[in-house]
1. Taking the range 114-150, which residues are small (Gly, Ala, Ser), at pLDDT 90 or above and more than 24 Å from residue 312 (Cα to Cα)?
2. The conditions are (1) closer than 30 Å to residue 257 by Cβ; (2) free of Cβ contacts under 8 Å to residues at least 24 places away in the same chain; (3) not hydrophobic (A, V, I, L, M, F, W, C), and residue 182 fails exactly one of them. Which is it?
3. Looking at (1) under 21 Å from residue 85 (Cα atoms); (2) crowded, with 17+ Cβ neighbours inside 10 Å; (3) touching a helix residue (DSSP H, G or I) at 6+ places or on another chain (Cβ under 8 Å), which one does residue 170 not meet, given that it meets all the others?
4. Within the range 33-43, can you find the residues that are surrounded by 16 or more Cβ atoms within 10 Å (Cβ to Cβ) and assigned to a helix (DSSP H, G or I)?
5. Scan the range 84-96 and give yes if some residue there is assigned to a helix (DSSP H, G or I), at negative phi and over 19 Å from the mean Cα position of the chain (by Cα), otherwise no.
6. It is to be established whether one or more residues within the range 44-61 are part of a strand (DSSP E or B) and of a type in the set (Val, Ile, Thr).
7. Is it the case that some residue within the range 292-309 is of a type outside the set (Gly, Ala, Ser), part of a loop (DSSP other than H, G, I, E, B) and free of Cβ contacts under 8 Å to residues at least 60 places away in the same chain?
8. Counting only residues that are modelled with pLDDT of 95 or more and over 16 Å from the mean Cα position of the chain (by Cα), which one in the range 289-298 is surrounded by the fewest Cβ atoms within 10 Å (Cβ to Cβ)?
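The values are calculated or read from the model by the stated rules, or taken from the named source; none is laboratory data. Bear in mind the structure is a predicted one, so any value in this text is a computation, not a measurement. Note that we place each Cβ from the backbone using ideal geometry, even for glycine, and neighbour counts take in every protein chain shown.
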Amino acid sequence: MTRPDVTRPDGLVLRAVGQDEDAGLRAVIGAAFPDNPKARAEITRWQYWDNPFGSTRAWVWDDGGQVVATYIGYPVPVVLDGRPATVAIGVDAAVLPSHQGRGLFTPLSRALYADCGAHGMPLTICYPNANSTAGITKAGWRPVARLRTLVAPFDDAWLARRFSLPRPAARLVRTAAFAPGPAKGLVAVEVAAPPPDLDALWARVAPTVTYGVVRDAAWWRWRYSGHPDAPYRFFEVRRDGGLVGAAVTLQREAFGGTFLNVLELLTARVPAARALRSAIARAAGGAAGAALVAVPGSPLDALAVRSGFRRLPRRLEPKPLMFGAVRNGPGSPDPTVLPWSVAWGDLDHL
């Protein structure tokens, strides 16, 4: 059940909103974050309102009919202790400059989290920036892990520049420390769309995921094929006709160069991961390398290291990327003690 509106003495009203007030949400998001694509209606329609996994929850502060602060939780499919569930991803927390410093964010967060819990989402996952960490922590957010960035350089010049190495030394380091290892005859290729047999692949990977997103065909269809901008590249590797690995990349400027961010590296087999890494390198087209993020010690972290990725030193990471969650109700699991599987594709802004 959605909480009732709350009116402050200064007249501001805390209330839930739906798709009919999408324009007001987007106006605040666009004002607070000029580069955020969710100032566009087609993006919020895709992520919030046409989301196939459940009901997006949105809360605002209203000042005389104008939305002045927003916070949204959209649903994603997960496994919790190996069982299917739905959780919220908390995004687009924004307060107009004219209303900052008035204590709006923490009660806004609490209202959203309670509403998500009332709509069958026991946790809200958040990747907060420095500006929002204090507010959501007061509302119940707890850090789980700092995600670490792993890279596989393809360009000796980038490696020499970033690590202050002579070019010949950079080449030796790249070929020795970042070699993908043997793929045992597997060859991955770039494909035009997500492979059609992702459900079978996910069934093989799922036993390694105790807590994390369900990366089946429905996830790929919504998260990648359904994105209005369709900026992604897809890769697959097969053995005897069966799909044994798949990957998604997105080109971005980062770490002092152009990189292919690996949003998904879906496989249970190290040789398949190595084949996918090699296919991404062949398709790089001059990019400095590939990169992904993972929870340290997770299966994805181990898979990436065994296929030629290495952790970027913390001093070279552009900013800390924290992963944490809120218990949306008293019966929710404690997210801080769970072995989470996280990939870059879980983040809403990529």
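1. 114, 117, 118, 120, 139, 140
2. All conditions pass for residue 182, except number (2).
3. Result: residue 170 passes all but (1).
4. Scanning the range 33-43 gives 37, 38, 39, 43.
5. The answer is no, given that none of the residues of the range 84-96 is assigned to a helix (DSSP H, G or I), at negative phi and over 19 Å from the mean Cα position of the chain (by Cα).
6. Yes: one or more hits.
7. No: the range 292-309 contains no residue that is of a type outside the set (Gly, Ala, Ser), part of a loop (DSSP other than H, G, I, E, B) and free of Cβ contacts under 8 Å to residues at least 60 places away in the same chain.
8. Residue satisfying both the conditions and the ranking: 289.
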